[in-house]
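Here is the structure we will look at.
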Amino acid sequence: MKHITIIEDDIGLNNGIVLALKHADYSFKQLHTLGEFRISEPTDLIILDINLPDGNGFDLLRKLRQTSDVPVIILTANDLETDEVTGLELGADDYITKPFSLMVLRARIDKVLRKSERPKSGVYSDSCYMFDFEKMEFNVNGTSAKLSKTEQKLLRLLTQNPEQTLTREQLVDRIWTDGAEYVDENALSVTVGRLRKKLNASERIQTVYGIGYVWRAE
């Protein structure tokens, strides 16, 4: 059974979410303020409002991501593009604006939980590509491609998170982990361009303007 923590001050909506998911294999903890939440308490998914009586959900998400990668779905009336970008950059797995369909919410929750359960394999393959990150072997339609260590890191992050937009900040933080204090803002764009060219993957590695990049599955 998966445990879901709901942090939503609208009591009717909070209860409605539980009712909509009551037939699924989930248990719930219903909270209405940030102060009720304890980071140390185990949970499989957090549904988080932004505007809460005692603070901003973004602040909690920022603090949470310092120690945890538990999936988070932001549920909010804030429909500005800048708010959505902020949420994704801080590490939210999804961003849903009110009003919304409870059926859609259920589908999004199922998707995020399935994704969190997927093992992080060292091999990716489809009809065009075969990437073995442990052996450092990369093939495009049967032809070997040579990738730099930086390109390998980028490719692994993208292929292990298919159909998920990874922000530029997330990618930079995870790729350049050698302690460098400064990374040129064009370094990621250059690496993406080279990887697309080497793999003939312009349609697979897509730019999400203003946010980051996504690997499109077949």
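Below is a table of values for the structure above.
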{"quantity": "Cβ-based exposure ranking for 23, 3, in which fewest neighbours within 10 Å come first", "calculated": "23, 3"}
{"quantity": "Projected area, mean over directions - segment 1-135, Cα convex hull, nm²", "calculated": "10.1 nm²"}
{"quantity": "Length gained when the stretch residue 200-residue 126 is fully extended (0.36 nm per residue, less Cα-Cα span)", "calculated": "25.2 nm"}
{"quantity": "Residues whose placed amide H lies under 5 Å from that of residue 52, excluding near-sequence neighbours", "calculated": "57"}
{"quantity": "Gaussian network model of the chain, springs between alpha carbon atoms under 10 Å - residue of 160, 66, 30 with greatest fluctuation", "calculated": "66"}
{"quantity": "Ascending count of other beta-carbon atoms within 10 Å, so fewest first, for 112, 190", "calculated": "190, 112"}
{"quantity": "Unit charges on C-beta of K, R, D, E only; dipole of segment 15-70, Debye", "calculated": "40 debye"}
{"quantity": "Segment 123-215 - percent relative contact order, Cα under 8 Å, separation 6 or more", "calculated": "27 percent"}
{"quantity": "Between 0 and 90°, nearest 10: helix 102-117 axis offset from the chain longest Cα axis", "calculated": "50 degrees"}
{"quantity": "Mean residue ellipticity (222 nm) of the chain, computed from DSSP H runs ≥ 4 via -39,500 (n - 2.57), nearest 500", "calculated": "-10500 deg cm²/dmol"}
{"quantity": "Note, ³J(HN,Hα) from phi for segment 191-206, Karplus 6.51, -1.76, 1.60, rounded to Hz, x at Gly and Pro", "calculated": "5, 4, x, 5, 5, 4, 5, 5, 9, 6, 10, 4, 7, 8, 8, 9"}
{"quantity": "Difference of contour (0.36 nm per residue) and Cα-Cα distance, residue 169 to residue 186", "calculated": "4.9 nm"}
{"quantity": "Compactness of segment 63-145 as Cα Rg over 2.2 N^0.38 Å, two decimals", "calculated": "1.50"}
{"quantity": "Net charge of Cβ neighbours under 11 Å - reference residue 26; Lys, Arg +1; Asp, Glu -1", "calculated": "+1"}
{"quantity": "Positive-pole candidate from 86, 97, 128, dipole of the chain, charges at beta carbon", "calculated": "128"}
{"quantity": "Degrees, to the nearest 10: 149-159 long Cα axis against longest axis of the chain", "calculated": "40 degrees"}
{"quantity": "Local electrostatic count at residue 193 - Lys and Arg +1, Asp and Glu -1, tallied over other residues with Cβ under 15 Å", "calculated": "+2"}
{"quantity": "FRET efficiency estimate (nearest 0.05) - Cβ-Cβ, residue 144 to residue 3, R0 41 angstrom", "calculated": "0.35"}
{"quantity": "Residue (of 161, 55, 1) at the positive-pole extreme of the chain, dipole from beta-carbon charges", "calculated": "161"}
{"quantity": "Per-residue Cβ neighbour rank within 10 angstrom, fewest leading, 25, 132, 44", "calculated": "25, 132, 44"}
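Read-outs throughout are calculated quantities, based only on the coordinates presented, and are distinct from any laboratory measurement. Since the structure is predicted, the reported quantities are computational estimates derived from the model, not experimental observations. Neighbour counts are summed over all protein chains in view; Cβ atoms, including those assigned to glycine, are modelled from backbone coordinates with ideal geometry.
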